Structures are given as structure tokens and as C-alpha cells.
Amino acid sequence: MVFPFNMIRLRDISLIFIFLLSGCASFEVLRENFTTLIPSKLDHFYFVEKGDSVWSIALKFNLDPQSIIKNNNIEKPYIIYPNQKLTFNREINKSALVSLQPPKQWHAPLNGDAKPEITASSWLIYKQKQGEPIHSVYAGKVVVSGPDIPGYGNLVMISHPDGYLSLYAHCDKIFVESGDEVSRGMMIAHVGNSEASYPMLRFQLRKNGKPIQASQLQF
């Protein structure tokens, strides 16, 4: 039986070829392993789901939110709708980390000698008392303020010059609103435990949508 070529995807042809070469290997294992090697730019569009925002999608796929806005002609106040089709013009890499370049004079997000007790690959996690003040690490504009993105609790997200974006998750009280201009070192919130098991500040810095290695962050 002959199948029209357009009914067979290139990915499936490649999977069949690898399966034939492997002999005893499990097809499912091969499929999973091979899928991780496929450039994710094959998924060059995304259909908006309920509860999505430009910022949550940017966090999910490690994209620059401004590129999503620009590529899809989204106008202020940047509202998107369920089932809306968004296109991306670059590869999506959920595990990508970038280096901190060029260096800036970042202000510490917490007062005094507070040091993160947990350092994940791209997050600094500070265990602090409820109500401790949180400061903006650099001058910029607030783009998210509140429980807008599930999993982060009360979140403050600030856009800084040169493509930098700072995130302050699990806050208690927030003293800035979306659209506010903030200065370096300005108090923006209090430490809290919103969507967290204990009071903490979960902090991340991004460059052009990609997380910066937490080990490189120095204040």
C-alpha cells in the first residue's frame, strides 16, 4: 500500500528510521529521547489557554515578553484571549540559562546581609521573616503586580534596561502597581508566603527572556 508523502511527517520518518536501526531498543524510549533532540522551533505557535498572560507565556517558554508582543501586534494593555494563536520567531528552550553580561550595579533584593539559603539553577530563595522589605534590584518599570501568574503567589515583575527582567515571588503586601516606574533600591513589597509553605523571597533575573544562572548573581 502506498501512502501519499504529505501524510507522513518528517519527524515520524526519522523515528521509524532510528527504530529500524536499533533492533532491540524500546520504541517509546527512542521516541522520548529523539523528541528532546528536535529543535523546539517546530512548535512555532501557541494557542492561548484560560488564565494565560503575555508574561506567563514568556516565563513558561523562556521568551522575551516584548518579542511576543511585537511579533503578534498586541497593543496595550496587552490583553490576550483563550484560543488566540500566538507565533514565535525563535527557538524555545525551557532549560536555557545565560550568563550575566554586562555586569550592572545591582541592589540587593533584601536588606542587610541576607543570603539565599537555597540556590536553584536559576532562582535564589531567601528564607526570611514575614514582612521583611523587598527592594527593586535596578531602576525599571513594573509589568506584573499581584497574583497574576499561578505558582508564584503575589508576584512583582520589573522590566529593566537592556532586556533585563527581575521577578520577586511569594510576596505579602505589594506597594507598586503595573505601570509604575521604580528606582534602584526602592521598596516594592514585603516578604510573604503566598503560594509557599513558609515566608520566603523567590528571586530570579532574566536577560531577553532567558533566566540568568543564579550562581552568577552578586549584590
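The values are calculated or read from the model by the stated rules, or taken from the named source; none is laboratory data. Since this is a predicted model, take the numbers as computed values, not measurements. All Cβ positions, even for glycine, are placed from backbone atoms using ideal geometry, and neighbour counts span all protein chains on display.
Things worth noting here:
- Where MET187 falls short, out of the listed (1) more than 19 Å from LYS60 (Cβ to Cβ); (2) surrounded by fewer than 21 Cβ atoms within 10 Å (Cβ to Cβ); (3) at pLDDT below 95: (3)
- Filter result for ALA114 (free of Cβ contacts under 8 Å to residues at least 40 places away in the same chain, surrounded by fewer than 21 Cβ atoms within 10 Å (Cβ to Cβ) and assigned to a loop (DSSP other than H, G, I, E, B)): yes
- Filter pass, GLY140 being farther than 28 Å from SER67 by Cβ, modelled with pLDDT of 95 or more and surrounded by 19 or more Cβ atoms within 10 Å (Cβ to Cβ): no
- Identity of the residue in the range 143-183, among the charged types (D, E, K, R) and in a strand (DSSP E or B), that ends up surrounded by the most Cβ atoms within 10 Å (Cβ to Cβ): ASP172
- Matching residues in the range 57-89 - criterion: being of a type in the set (Gly, Ala, Ser) and surrounded by fewer than 19 Cβ atoms within 10 Å (Cβ to Cβ): SER67
- Which listed residue is more than 11 Å from PRO109 (Cα to Cα), touching a residue at least 24 places away in the same chain (Cβ under 8 Å) and touching a Cys at 6+ places or on another chain (Cβ under 9 Å), from ASN154, ASN193: ASN154
- Filtering the range 51-84 to residues that are in contact (Cβ under 8 Å) with a residue 12 or more places away in the chain, within 18 Å of GLY146 (Cβ to Cβ) and outside any helix (DSSP H, G or I) leaves GLY51, ASP52, SER53, TYR78, ILE80.
- Remark: PRO103 matches the filter, which requires a residue to be more than 30 Å from TYR46 (Cα to Cα) and modelled with pLDDT under 85.
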